[in-house]
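For reference, the structure discussed in these notes is given below.
Please treat every number below as a calculation from the coordinates, not as lab data. These figures come from a predicted structure and were not determined experimentally. Positions of Cβ are generated from backbone atoms using ideal geometry, with glycine treated the same way; all protein chains shown enter the neighbour counts.
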Amino acid sequence: MDNWMELTFPSLSVNEGFARAATAAFAALLNPTIDELSDLRTAVSEAVTNAIIHAYGNDRSAMITLRCEAEGQRLKIVVKDTGCGIADIELARRPFYTSKPELERSGMGFAVMEAFMDSVEIESSPGEGTAVIMEKQIGSISAS
Amino acid sequence: MEINASKRGPRLHVKLAGELDHHSAEQTRNMLDTLLKDITVRDLTLDLSGVSFMDSAGLGVILGRYRILSMRGGHLTVTGMSGAIDRIFRMSGIYAIVDRQ
């Protein structure tokens, strides 16, 4: 691993923007394109929002950890919570599925992460928490 | 989120400026729904040219307003999408029900 950073912050919705900005600042070290930065910001936003809404159900004192690792041009992002966990990961990943339709959620969170990152893995245990592990190769279209 | 609205007959034009995520979604939803309480509004155009960031929370806000308008026989049009927002719209299939300008 060449470089990494880890941040822990409370599950306040205002920190969605903070997590996006922190990820973009770390990823900037890999000279990403504007589109790549936009993809990373969107994917992180989805993962952090899921932790706030679904893992913690708006328990504002709970903590979320954001970790970014760079190895060469490969960026790995882990968003981790210690919330309720996901009982059925396949169902949660399904486009348009939402466990909280009353919140007017689109059910597209994981679909967006999958579209904007090279890979998305979910590790979750009910009652213990969830880690969303995403990877993306930066600068695949080489920029000079 | 900043909102600028203008109305002409049954047409409401709303320009949004800011970041549309879960954090700003509730406020944005409330402001739009206050405008849509005017039942003479049939067509809502959302100008997103000032929206610098949007994720799936924004999709939820737009789909919810689409439902309100379609129940009264109205339409929702989106305009001014950045490349990133257009990509989220395309992957969600929202253009099947919401017009783009």
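So the values come out like this:
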item	result
Per-residue mean of C-beta atoms belonging to partner chains within 10 Å, peptide B:89-96	3
Lysines whose Cα lies under 24 Å from that of B:Lys7, excluding same-chain neighbours fewer than 8 positions away	B:Lys15, B:Lys37
Of A:Pro32, A:Pro101, A:Pro126, the one that fluctuates the most in a GNM where chain A has Cα springs shorter than 10 Å	A:Pro101
From phi via Karplus (6.51, -1.76, 1.60), per-residue ³J(HN,Hα) for the range A:83-96 in Hz, x at Gly/Pro	x, 6, x, 10, 6, 10, 5, 4, 5, 4, 6, 5, x, 6
Cα-based reach from A:Lys136 at 16 Å (exclusive), listing lysines while leaving out same-chain residues under 8 positions away	A:Lys76
For A:101-113, mean number of other protein chain Cβ atoms within 10 Å	6
Footprinting exposure proxy for A:Lys136, B:Lys15 (fewest neighbouring C-beta atoms within 10 Å first)	B:Lys15, A:Lys136
Top of B:Ile85, B:Ile39, B:Ile62 by mean-square fluctuation, Gaussian network on chain B, Cα under 10 Å	B:Ile39
Peptide B:21-27, shielding by other chains (average Cβ, 10 Å cutoff)	6
Proxy reagent accessibility, fewest Cβ within 10 Å first, across B:Met1, B:Met71	B:Met71, B:Met1
